[in-house]
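Chemist: My questions all concern the structure below.
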Amino acid sequence: GQAAPLSLLAQALRAECEIRGDESLLGRQEKLTRRVARWVPAGDRKRVTEFLGEIIQVPFPDDDNPPLRAARRDSELMNELLRQAFVDFIGAETSRSALLLVLEDLHWGDSHTVRFIDAALRAHGDKPLLVLALARPEVHDRFPKLWATRDAHVIHMKELSRKAAEQLVWQVLGRATSPALVERLIDLADGQAFYLEELIRAAALRPSVALPATVVAMVEARLMGLSADERRLLRAASVFGEVFWQSAVAEVAGGATAELLTKLVECEVIVRRPVSQLPGEREYAFRHALLREGAYAMLTDADLVLGHRLAAEWLELHDARNPLVIAEHFERGERPLLAAGFYNEAAAQAHHTGDGDAAIAYSQRGLSCGATGAVRDHLLWVLADALSYRSELDQAQPFIKELLEKARPGSGAYMIAAKYTMTIALFKGDFGELSRVVNSALAVDPAPEAFRCDGAEATARLLAELVGHRRPGEPGGELGGGRVLPGRHEVGHRLGQVGAQRA
């Protein structure tokens, strides 16, 4: 699966601050504070620290911090302040020394990370900052014209030349290898390094067996040459993707794995990673994506469902920072309602950081899983808010309508739905609908959670602006449809209640 918004950048920042997931919140806060204080000017340290904390999920209290509190209610403001904090951090670092930022597997990266790095390159183009992004060719499909305006240098990895391939064959098989076999290996590999390595291995270990004619056939032959237990372990590992962990595979495979993993490392099917993303877990990876795909293709339909379900349950306990991955596993594991809950978390994360595209996509995926109750309300809320912010009101209207009808009156979701319903009615000149929603909104008491978002306050402000508004040619405070808007004193009283509850 693809990374959640800013997750690639968060990994880099956590690693730079030496922050581990098993540390206390206070410990993580202290590490981040110390790292930022190294070069960031004193006047900016508190702001940069707190908003970098939002990126790496190390939250700071906002009781005496109006900017942080306001940003947590406004996704676009949060997006701007997160980006500025990162840009300022990079500026401080590059003012003291050269900085190299390495992004591995960017084809699986997130667009928010790309945009934040673009902002840093734009702001600090005259400083010693180098971004090295490693990716497969499909990265250009995911991120067209990637950093094209930032003096980017694109280096394409070419196929092995015949001379290089010849040297590799001789180095492994020896100079005594027959010229015909060398030519056969090179012709079959056609410049593909992985295929050539596997062909050489097959020629060395099974010289009497015909060489597989395609990469797929080679992978199949390689896997079938392993023991049944080794294949079973690889199938379990493939459920997690190209990277997996020892205890995770043990959970899915249902047995001891340490000795088998050691054998597979020795066979060069997998590799042991020196550093694990998850504290206390041994991390491994398939030596090549094709080996993972070959192992995954060996799973039966029933095993696929069970494997993804077990993977979701393991990740829920060990890596809750990335709900998107857990959601995808539960969806493939045929647990749609559980998937909807994690898509809801992923949508909330994306909305929190101001990534509207991701917030919309994850909300739609959660709804397609049949989300119900409060989860559905929140998905509709995020979807309506993200679409409305982009002025795509026609697309947002069905979600807003459902939210207004089904959300608990006075809740944050209800207040946001009321706000956008009034906005749409005002734009369309539907004064009957506007009057109805205004009166309905004023008749409810905003719930406490409504004040943790911009919905209740924005609705109250809109109500205040609408009071006294009248259709041209109509007397008094009538707003069409024979309804009368409440007077300013009533709206003032309601605004007073908002202020009192917030206090």
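Chemist: Would you calculate the separation in nanometres between label points at A210 and Q171, each defined as 7 Å from the Cα along the Cα-to-beta-carbon direction?
Modeler: 3.1 nm
Chemist: Multiply the residue separation of S161 and L317 by 0.36 nm, subtract the distance between their alpha-carbon atoms, and state the gained length in nm to one decimal.
Modeler: 51.4 nm
Chemist: Find the relative contact order for segment 106-163 and round it to a whole percent, using C-alpha pairs within less than 8 Å whose residues are 6+ positions apart.
Modeler: 48 percent
Chemist: Which of the three applies to segment 247-318, rounded, prolate or oblate, going by the alpha-carbon gyration tensor with a ≥ b ≥ c and a/c under 1.5 meaning rounded?
Modeler: oblate
Chemist: Simple spin-label model, 7 Å along Cα-to-Cβ: V265 to A98 in nm?
Modeler: Spacing of the two 7 Å Cα→Cβ label points: 3.3 nm.
Chemist: Would you work out the relative contact order for segment 268-416, in percent, from Cα pairs under 8 angstrom that are 6 or more residues apart?
Modeler: 13 percent
Chemist: Please compute the volume of the convex hull spanned by the alpha-carbon atoms of segment 220-368 and report it per residue in Å³.
Modeler: Cα convex hull per residue, to the nearest whole number: 118 Å³.
Chemist: Please list, by residue number, every one of the GluC sites (Glu not before Pro) in segment 3-79 that is coil in DSSP and has at most 13 other beta-carbon atoms within 10 Å.
Modeler: Hits after loop and neighbour filter: E18.
Chemist: For the chain, find the longest principal axis of its Cα atoms and tell me its angle to the long axis of helix 228-238, 0 to 90°, nearest 10.
Modeler: Taking the Cα atoms of the chain, the angle to 228-238 is about 30 degrees.
Chemist: Name the lysines eligible as straight-distance cross-link partners of K145: C-alpha to C-alpha under 30 Å, and not fewer than 8 places from it in the same chain.
Modeler: Leaving aside lysines fewer than 8 places away in the same chain, those within reach of K145 are K127, K158.
Chemist: Which whole-number percentage describes the relative contact order of the chain, with Cα contacts under 8 Å and a sequence gap of 6 or more?
Modeler: Reported as a whole number, the value is 10 percent.
Chemist: Obtain the nm distance between the two label points defined at L25 and D44 by a simple spin-label model: each point lies 7 Å from its Cα along the Cα-to-C-beta direction.
Modeler: 2.8 nm
Chemist: Here's a follow-up. What shape does segment 177-217 have by the C-alpha gyration tensor, where a ≥ b ≥ c are the square roots of the eigenvalues, rounded means a/c under 1.5, and otherwise prolate means a/b greater than b/c and oblate the rest?
Modeler: Oblate.
Chemist: Order of 283-292, 163-172 by packing, highest average Cβ count within 10 Å first?
Modeler: Packing proxy ranking, top to bottom: 283-292, 163-172.
Chemist: Expected output is a single nm value to one decimal: the length gained when fully extending between E76 and Q397, i.e. 0.36 nm times separation in residues minus the C-alpha distance. What is it?
Modeler: Full-extension gain reported as 113.5 nm.
Chemist: Give me the tail of P(r) for segment 62-120 as a percent: Cα-Cα pairs with distance above 19 Å.
Modeler: When all Cα pairs of segment 62-120 are counted, 45 percent exceed 19 Å.
Chemist: Determine the calculated [θ] at 222 nm for the chain from helices alone, applying -39500 (n - 2.57) to every DSSP H run no shorter than 4 residues and normalising by the residue count; nearest 500 deg cm²/dmol.
Modeler: Helix contribution divided over all residues of the chain: -19000 deg cm²/dmol.
Chemist: How much of the DSSP bridge set in the chain is antiparallel, in percent, rounded to the nearest 5?
Modeler: Taking every DSSP beta bridge with both residues in the chain, the antiparallel ones total about 60 percent.
Chemist: D for segment 195-244, whole µm²/s, Stokes-Einstein with Kirkwood Rh over alpha-carbon pairs at 10 °C and 1.306 mPa s: what number?
Modeler: The estimated diffusion coefficient comes to 133 µm²/s.
Chemist: Roughly how tilted is helix 42-55, in degrees to the nearest 10 and between 0 and 90, from the longest Cα axis of the chain?
Modeler: 70 degrees
Chemist: Would you mind checking which residues have amide H under 5 Å from A133's amide H? H placed 1.01 Å from N; only 5 or more apart, or other chain.
Modeler: Under 5 Å from the amide H of A133 lie the amide H atoms of L103, each far enough along the sequence or on another chain.
Chemist: Something else about it: What Kirkwood hydrodynamic radius do you get for segment 355-429 when you take the inverse of the mean 1/r over all pairs of distinct Cα atoms, in Å?
Modeler: 12.1 Å
Chemist: Want the number for H140 to N65: 0.36 nm per residue separation, take away the alpha-carbon distance, what's left?
Modeler: Going from the current span to full extension adds 22.9 nm.
Chemist: According to the square roots a ≥ b ≥ c of the eigenvalues of the Cα gyration tensor, what is the shape class of segment 136-291, taking rounded for a/c under 1.5, prolate for a/b larger than b/c otherwise, and oblate for the remainder?
Modeler: oblate
Chemist: Additional query: Could you order the peptides 359-365, 417-423, 79-85, 69-75 from most to least packed, using the average number of other C-beta atoms within 10 Å per residue?
Modeler: 417-423, 359-365, 79-85, 69-75
Chemist: Calculate, in whole percent, how much of the Cα-Cα pair population of the chain lies beyond 39 Å.
Modeler: Here the long-distance tail beyond 39 Å is 40 percent of all Cα pairs in the chain.
Chemist: May I ask for the angle, rounded to the nearest 10°, between helix 455-466 and the longest principal axis of the chain, with both axes built from Cα atoms and the value confined to 0 to 90°?
Modeler: The angle comes out near 40 degrees.
Only the coordinates and a few stated rules stand behind these numbers; no lab work does. Keep in mind the model is a prediction, meaning the values are calculated, not measured. Glycine also receives a Cβ, built like all others from the backbone with ideal geometry; neighbour counts cover every protein chain displayed.
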